[in-house]
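One structure below.
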Amino acid sequence: MVGRFRHSLIRWAFALGAACLGTAASAQTLRVVMHSDIKVLDPVWSGAYIVRNHGYLVYDTLFALDAALQPKPQMVESWVASEDRKIYRFVLREGLLWHDGQPVTAEDCIASIRRWGARDPMGQKLLQFTQEMKALDARTFELVMKVPYGLVVESLAKPSVNTPFMMPRRVAETDPFKQIDDYTGSGPFILKRDEWKPGERIVYIKNPKYKPRAEPASGLAGGKVVKVDRIEWLAMPDSQTMVNALLAGEIDIIEQVPYDLLPLVEKEKDIVLVKSVSPNQYVFRPNWLHPPFNNEKVRQAAMMALNQEDFLKAVNGDPRFYRTCKAMFTCGTPLESVAGMQGKTESNVAAARALLKEGGYDGTPVVLLHASDSPPLAPLSPVAKSLFERAGFKVDMQSSDWQSLVNRLLTKKGPVAEGGWSAFFTYWSQADLLDPLMTPFLQSNCEKARAGWPCDETMEQLREKYALETNPAKKRAIADEVQTRAMTIITHVPLGESFPVAGLRSNLGGWINAPVTVFWNVTKK
């Protein structure tokens, strides 16, 4: 009875909203529940996936990955590299306009690359080896490299956190460590800033001045043809509420249907479930700064104690939507490999205990952070606690909501006695893990690395060696070296892959199954 009453209230609320919105409630409005509410709108300042997804609506990119994960020109009309791979010249497509009607220029793109490169690890490495960037005319610019560099186009085609979105020069010249307050882009949608209400909804409308490429859409590349007038992202943190709304036709899309509610959704004939082509990789991340994981042998012991299958069953439970995978750069990609992973992540308790003894583990508790409010993450820490204790660790699992956990990661760098931590679990999209330079947790430059702060000169040398190599076969061999090194020093531990599942009303068409959720090409009958 309570459930029916709540469902009736939901229906009434949506009906009232539709009446108030008038033309905005037409068949050309997509109503979507994304994986998270959005509170920040600067995709360079923030690394959150929801901000990245917002970026793909409002902004455009110079290059993008197609369905085969190959870089293709997007805003770029043509490009050429010198024979020695030291000069790269790019010509922008004619007729590109910002949302305010001003033309997109080479100077805009140079400023955008600089701002992105100040924050993103792959961008930082690109700028490190860039001698100069210069505009040759309004639509043409060059990157002049100090040495032959093998990842120029790949860097500019980076599909995920942080994506090199192009912004007007006046916006891109904002301090990269401060948030922008001007959201003018050149992408296929325009932000309706006056309708943004954090915690409720954010609205985008079709950009009538957008000029799609001529070729068909493929992955994140190709023609971004917008076929609806308006998109509304609605905040619905309660899983049952969002599923009820989808079943009733009050929303059109759930970006990620909760795994435990899939049986309820998949039996409905008016709902289409779409398994993403791009999995998420779950990972364990130790803190190198303080005991017990400042000890390499103890980190290795933790890795030997873990078991991919246990984590995947706890989070997902449906083998249709997960797979074990020992490839750090994920399975099904050009750099897939098991180098350095043989016999690992299989809960070898005896090996873990031996490594603890060899490392002189003194019983210092592992302060294990637990994201209790996140369905994809909440089961991970309890599983790890059990596995660690079986191997001989003492574990202090500390629960909080995900946002508080992230804040602790970023602000508490000191020892446990000062609010510090030992380890946490998260996941990364495959779109962030395609090579050694792109993978965020491989960055091992000590204080400059991400939370966990691995510090290993050999790893940084290998990552730089990969960036400078231009021969594909040699690049793959270096990637294997990187993976082997990572599983020796334990920057992080891959724990298998889970595939998000989107739920769509059956009157929708043209959905693009890509590494990032995008809304061009989608039709609504």
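Observations, loosely collected:
- Positions within segment 428-465 being in a helix (DSSP H, G or I) and either basic (Lys, Arg) or within 13 Å of Met328 (Cβ to Cβ) (or both), in sequence order: Gln430, Asp432, Pro440, Phe441, Leu442, Lys448, Met459, Leu462, Arg463, Lys465
- Selected residue (criterion: farthest from Gln300 (Cα to Cα)) from residues of segment 388-405 that are touching a Phe, Trp or Tyr at 6+ places or on another chain (Cβ under 9 Å) and hydrophobic (A, V, I, L, M, F, W, C): Leu405
- Total residues in segment 85-102, condition out of contact with any strand residue (DSSP E or B) (no Cβ under 9 Å at 6 or more places or on another chain) and either basic (Lys, Arg) or more than 17 Å from Asn207 (Cα to Cα) (or both): 0
- The residue list Leu437, Leu410, Leu433 contains one member that is farther than 16 Å from Phe284 by Cα, of a type in the set (A, V, I, L, M, F, W, C) and at pLDDT 95 or above, which is Leu437.
- Test: residue in segment 393-407 that is touching a helix residue (DSSP H, G or I) at 6+ places or on another chain (Cβ under 6 Å) and closer than 22 Å to Asn294 by Cβ: yes
- Any hit, segment 212-233, residues being touching a Leu at 6+ places or on another chain (Cβ under 9 Å), under 23 Å from Ala157 (Cα atoms) and part of a loop (DSSP other than H, G, I, E, B): yes
- A search for C-beta distances below 8 Å between a residue of segment 313-326 that is over 20 Å from Trp428 (Cβ atoms) and any residue that is surrounded by fewer than 16 Cβ atoms within 10 Å (Cβ to Cβ), counting only pairs 6+ apart in sequence or on different chains, returns Gly317/Asp260; Arg320/Lys275.
- Yes/no for Leu127 being under 18 Å from Ser155 (Cβ atoms) and either surrounded by fewer than 18 Cβ atoms within 10 Å (Cβ to Cβ) or modelled with pLDDT of 95 or more (or both): yes
- Failed item, numbered, when Leu504 is tested on (1) more than 17 Å from the chain's Cα centre (by Cα); (2) assigned to a helix (DSSP H, G or I); (3) aliphatic (A, V, I, L, M): (2)
- Note on segment 1-95: enclosed strands (runs of 3 or more DSSP E) holding 1 or more residues that are surrounded by fewer than 17 Cβ atoms within 10 Å (Cβ to Cβ) and either of a type in the set (A, V, I, L, M) or modelled with pLDDT under 50 (or both) are 76-81, 87-92.
- If you go through segment 88-139 and pick out every residue that is among the hydroxyl-bearing types (Ser, Thr, Tyr) and either under 25 Å from the mean Cα position of the chain (by Cα) or more than 26 Å from Lys178 (Cβ to Cβ) (or both), you end up with 2.
- The lone exception for Pro208 - which of (1) farther than 30 Å from Ala314 by Cα; (2) free of Cβ contacts under 8 Å to residues at least 24 places away in the same chain; (3) under 24 Å from the mean Cα position of the chain (by Cα) it fails: (3)
- If only residues of segment 207-221 that are charged (D, E, K, R) and surrounded by 17 or more Cβ atoms within 10 Å (Cβ to Cβ) are counted, the one that is modelled with the lowest pLDDT is Lys211.
- Within segment 466-475, the set of residues being in a helix (DSSP H, G or I) and over 23 Å from the mean Cα position of the chain (by Cα) comprises Leu468, Pro472, Ala473, Lys474, Lys475.
- Within segment 392-402, at least one residue is crowded, with 22+ Cβ neighbours inside 10 Å, out of contact with any Asp or Glu (no Cβ under 9 Å at 6 or more places or on another chain) and modelled with pLDDT of 95 or more.
- Summed over segment 367-405, residues that are assigned to a loop (DSSP other than H, G, I, E, B) and either touching a residue at least 40 places away in the same chain (Cβ under 8 Å) or more than 25 Å from Gly317 (Cα to Cα) (or both) total 7.
- Condition broken by Gln430, with the remaining ones in (1) farther than 22 Å from Leu306 by Cβ; (2) touching a Pro at 6+ places or on another chain (Cβ under 9 Å) satisfied: (1)
- Wholly within segment 270-366, helices (runs of 4 or more DSSP H) carrying at least 1 residues that are within 19 Å of the chain's Cα centre (by Cα): 308-315
- Considering segment 403-422, and only residues there that are among the hydroxyl-bearing types (Ser, Thr, Tyr) and surrounded by fewer than 19 Cβ atoms within 10 Å (Cβ to Cβ), the residue that is nearest to Val501 (Cα to Cα) turns out to be Ser404.
- Residue match in segment 254-262 (condition: surrounded by 20 or more Cβ atoms within 10 Å (Cβ to Cβ), under 29 Å from Ile38 (Cα atoms), touching a residue at least 40 places away in the same chain (Cβ under 8 Å) and in contact with a helix residue (DSSP H, G or I) (Cβ under 6 Å, 6 or more places away or on another chain)): yes
- Just one of the listed residues (Ser337, Ser372, Ser347) is among the hydroxyl-bearing types (Ser, Thr, Tyr) and surrounded by 18 or more Cβ atoms within 10 Å (Cβ to Cβ), namely Ser337.
- Here Leu289, Leu306, Leu261 are screened, and the one residue that is under 24 Å from Trp511 (Cβ atoms) and out of contact with any Gly (no Cβ under 7 Å at 6 or more places or on another chain) is Leu261.
- Within the option set Ala301, Ala352, Ala384, being hydrophobic (A, V, I, L, M, F, W, C), crowded, with 22+ Cβ neighbours inside 10 Å, under 30 Å from Val501 (Cβ atoms) and modelled with pLDDT of 95 or more holds for one residue only, Ala384.
- The residue that is nearest to Pro71 (Cα to Cα), counting only those in segment 168-195 that are within 20 Å of the chain's Cα centre (by Cα) and of a type outside the set (Phe, Trp, Tyr), is Gly187.
- Restricting Gly509, Gly496 to those that are within 30 Å of Ile271 (Cα to Cα), at pLDDT 95 or above, buried (at least 21 other Cβ atoms within 10 Å of the Cβ) and of a type outside the set (Ser, Thr, Tyr) reduces the list to Gly496.
The values are calculated or read from the model by the stated rules, or taken from the named source; none is laboratory data. This is a predicted model, so every value here is computed, not measured. Please note: Cβ atoms are built from the backbone with ideal geometry, for glycine as well, and neighbour counts cover all protein chains shown.
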